[in-house]
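The values are calculated or read from the model by the stated rules, or taken from the named source; none is laboratory data. Every value quoted in this text rests on a predicted model; they were computed, and no experiment measured them. Note that each Cβ is placed from the backbone with ideal geometry, even for glycine, and that neighbours are counted across all protein chains shown. What goes into the accessible areas is simple: the full protein's heavy atoms, side chains included, and nothing from ligands, DNA or RNA. Shrake-Rupley method; radii C 1.70, N 1.55, O 1.52, S 1.80 Å.
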2 protein chains.
Amino acid sequence: MTTVNLKHLAKELGLAVSTVSRALRDSYDIGDDTKKKVMALAHKLNYEPNPYASSLRKHKSKTIAVIVPEIANNFFSLAINGIEDVAQEKGYHVLIYLTHENYAKEQSITRYLQSGRVDGVLMSVSNETNDIQHIHALKQKNIPIVFFDRVCDNVDTTKVTTDDFESAFKGTEHLIEQGCKNIAFFSVPSFVSIGNKRMLGYEEALKMHKLKVNPNYVVYDTNNAEENLKQVKRVLSGKKRPDGVFASVEKLAITTYHACNELGIQIPKDIKVISFSNLNTASLLNPSLTTITQPAYDIGKRAATILFRSLDKKNATIMNEKVTIAATLIPRDSTRQ
Amino acid sequence: MTTVNLKHLAKELGLAVSTVSRALRDSYDIGDDTKKKVMALAHKLNYEPNPYASSLRKHKSKTIAVIVPEIANNFFSLAINGIEDVAQEKGYHVLIYLTHENYAKEQSITRYLQSGRVDGVLMSVSNETNDIQHIHALKQKNIPIVFFDRVCDNVDTTKVTTDDFESAFKGTEHLIEQGCKNIAFFSVPSFVSIGNKRMLGYEEALKMHKLKVNPNYVVYDTNNAEENLKQVKRVLSGKKRPDGVFASVEKLAITTYHACNELGIQIPKDIKVISFSNLNTASLLNPSLTTITQPAYDIGKRAATILFRSLDKKNATIMNEKVTIAATLIPRDSTRQ
DNA sequence: TAAAGTTTCGAAACCGTTTCCGTAAATAAA
DNA sequence: TTTATTTACGGAAACGGTTTCGAAACTTTA
């Protein structure tokens, strides 16, 4: 009930508040025996320093924000896992904010974070985010940001991603090697970093193999499951049905499976499917799904490590660099010839 | 850079800090025109109140902690989704802590939270948690806790769960109806709330149908994927192989699929499988998996709503009640006769 | 017109830590 | 012994809000 604070400890020990404070943080100018006495009483009374008082005084909260589009998604939940692991190790706390792929929400969240509640931000932008005013506003308040996966290329900071271009290129090439000639591309809008890079990799592979890019084969995530299914079915039941699908996001691979089930299209006989995905059941699907698997946990861990390293210095400056971690292509039945 | 605070606003307006503070919070005893002036300037200068100063003074942080065993898990990520949704709506912030099913971690987290960093806690205990001292310590600091899914029955507070006993009963009965006579049970340790209740439901169904409970058919999650696979394979390759598997947690259903693949056991011909699961690809598995699906999102939402309702009152008291939300059994191919 | 009430605002205390500054005692140097 | 230096600690300001108390200025009532 009556929460124990420095004043209580000080009174009980006949010391000054400042002395107790320094003793607890093992300051060099406090005698060893007083330190011991203070520590002992603090431990006995279960003293826990008030983080708000400390943060107010120090202008440091030992807290970061993680802003992601969604959490019920294998990639993001794994990334958060990685983030939380280093956070716990470094003594940081992590606040979670979901944008639900909604730009307005993303804006109001970043807006709020200018208050100084967090020391830094880890972020994967929503697929509606076209403008970066809100990001710059945060940076101007000296709050460092590290992007992961879905980055803003024209913001000066570190971005941790997979090799999206190369992976998309290889994935598309894999489909071509398996005999596909008409390859559909299901993705997020191309102003989103990953949408753009993966699209470019896909197109490059097609060009390299003298296949033509068919704009009718492209579907963008609408952020609405039913609408997505409708769009995918439209493409798969068009007059010239594709014989391969490159899904740039897991969600649309699932949609493709459902669409094929409904339309009676057989994978991989009629159409082959490959997807960026972190499904841990990919090998158990019917048919098992060929995936380009991103090291989601490592990406989160890496991004967090970079952020914390900068936060632990006095001048929290973050390099403008791109950190790329390779994804791995795991061939399975969905692309078997 | 130079963060704008109340003092700046006050000086610029020629008002007292207290006046500005009250104007911004629309206090009744400030004139309308001064209010407007204050609001205007605050908006113009992009003023964001310092949450730490406010929390320090008010002893309220508008922040809750969510403590879960893991996050790369469909149930928990969906639950967190529900939690974050209401939190955002109510203007609360959510701190995430992962225990990784580790009791020591759970202890140190709850220990730390006694500092008053959060106003309340939403929690699903680890499967190592046998003792509840750390929970009581939190309660004695007047920090309300609401449990969800994995609860502590002997703590006086609200617990939000699914109807674990009934669901396990029905799930087991479903296997029996599909012709199973020797049903294995793969679960979490039985001192965990869900482990216990689901086990009882399973046993009750067996008794009701005059089937005997075979302790050799029980496998408990060891928190180690390889070990789990070994245990499951041991049971599935024993002299008297079960013809049905009730997986109390999704993870072990996946393990069962892998084990069957490796051992050449066919589902559902040789063995039928049902599982508590929130896999959104359950219908796409090979074979599609019969699931008992918990309304994870709703559970999170419900638990959060209850917590916030109590926090918004002055005397944060939480009823000692059990809120039960029904799970739904979705029959699929893995239990087809 | 004086007394009473209302409206609108300012001064200052307060929340719990951290930190700057100062000082008395103990030790070292001259 | 006197003077410098170190050691060990106390006092008080500061962080940025919120809240209590009170007091002008203005309005209403008798």
Across A:285-296, the residue-averaged tally of Cβ atoms belonging to other chains within 10 Å stands at 2
Could you please report the charge total around B:Val38, scoring K, R as +1 and D, E as -1 over all other residues with beta-carbon less than 12 angstrom from its beta-carbon?
+2
Give the relative contact order (percent, whole number) for chain A; include only Cα pairs under 8 Å separated by 6+ residues.
18
For the protein assembly as shown, percent of DSSP beta bridges that are antiparallel (nearest 5) comes out at 10
Determine the relative contact order of the range A:6-49: mean sequence separation of Cα pairs under 8 Å and six or more apart, normalised by residue count, in whole percent.
35
Test item: B:80-87 mean partner chain Cβ contacts at 10 Å:
3
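If we count every other residue with Cβ under 10 angstrom of B:Leu236's Cβ, Lys/Arg +1 and Asp/Glu -1, where does the sum land? The partial results should precede the final answer.
Values: positive: B:Lys233, B:Arg234, B:Arg241; negative: B:Glu262, B:Asp270.
Net charge around B:Leu236: +1.
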Whole-Hz Karplus couplings 3J(HN,Hα) for the range A:3-14, θ = phi - 60° and coefficients 6.51, -1.76, 1.60, Gly and Pro as x, run 5, 7, 10, 4, 4, 4, 4, 4, 4, 4, 8, x
Residues whose placed amide H lies under 5 Å from that of B:Lys181, excluding near-sequence neighbours
B:Asp243
Amide H within-cut-off set for A:Asp221, under 5 Å, with H built and near neighbours excluded
A:Ser187, A:Val188
Most to least packed among B:271-279, A:188-196, A:141-149, A:213-221 [average Cβ atoms within 10 Å]:
B:271-279, A:141-149, A:188-196, A:213-221
Note to self: C-alpha centroids of the range A:205-232 and the range A:46-96 sit apart, in Å, by 37
With all protein chains present, how much of the accessible area of the range A:6-49 (probe radius 1.4 Å) comes from carbon and sulfur, to the nearest whole percent?
54
Listed highest first by mean packing, meaning other Cβ atoms within 10 Å per residue, what order do B:28-39, A:129-140 come in?
A:129-140, B:28-39
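Rounded if a/c is under 1.5, else prolate if a/b is larger than b/c, else oblate: which is the protein assembly as shown, with a ≥ b ≥ c the root eigenvalues of its Cα gyration tensor?
oblate
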Let me see the pair-distance distribution of chain B: every alpha carbon pair, 20 Å bin width, integer percents in order.
28, 44, 20, 8, 0
Go ahead and collect, in residue order, the members of the range A:44-71 whose backbone nitrogen is under 19 Å from a label point 7 Å along the Cα-Cβ direction of B:Ala137.
A:44-52
List the lysines whose Cα sits under 23 Å from the Cα of A:Lys37, skipping any in the same chain fewer than 8 residues away.
A:Lys7, A:Lys11
Using helices alone, I'd like the mean residue ellipticity at 222 nm for chain B: each DSSP H run of four-plus residues gives -39500 (n - 2.57), total over residue count, nearest 500.
-13500 deg cm²/dmol
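Determine the shape class of the range A:210-337: with a ≥ b ≥ c the square roots of the Cα gyration tensor eigenvalues, call it rounded for a/c under 1.5, and otherwise prolate if a/b is greater than b/c, oblate otherwise.
Taking the square roots of the gyration eigenvalues as a ≥ b ≥ c, the range A:210-337 is prolate.
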Inter-copy spacing of B:Pro331 label points, which lie 7 Å from Cα along Cα→Cβ, given in nm from shortest upward:
4.1
Taking H as built 1.01 Å from N, whose amide H comes closer than 5 Å to the amide H of A:Val273, not counting residues under 5 places away?
A:Val245, A:Thr335
Got the relative contact order for the range B:1-115 handy, in percent, Cα pairs under 8 Å and 6 or more residues apart?
20
Explain nothing, just compute: Karplus ³J(HN,Hα) = 6.51 cos²θ - 1.76 cosθ + 1.60, θ = phi - 60°, for every residue of the range A:166-181 in order, whole Hz, x for Gly and Pro.
4, 5, 5, 4, 4, x, 5, 4, 4, 4, 5, 4, 7, x, 6, 10
Rotational relation B to A, axis-closest Cβ in chain B, residue and distance rounded to whole Å
B:Asn286, 2
³J(HN,Hα) across the range B:202-212 via Karplus (A = 6.51, B = -1.76, C = 1.60, θ = phi - 60°), whole Hz, x for Gly/Pro?
4, 5, 4, 5, 4, 4, 3, 9, 6, 9, 8
Just tell me how shielded B:137-145 is by partners: mean number of partner chain Cβ atoms within 10 Å of each residue's Cβ, no decimals.
1
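Once the Cβ-Cβ distance between B:Asn5 and A:Lys240 is put in as r, and R0 is 60 Å, what FRET efficiency do you end up with, to the nearest 0.05?
Details: r = 63 Å, r/R0 = 1.05.
Step by step, r from the Cβ atoms, then E = 0.40.
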Distance from the range B:254-285 to the range A:279-337 (C-alpha centre basis), Å:
27
If you take the square roots of the eigenvalues of the alpha-carbon gyration tensor of the range A:59-153 and sort them as a ≥ b ≥ c, do you get rounded (a/c under 1.5), prolate (a/b over b/c) or oblate?
oblate
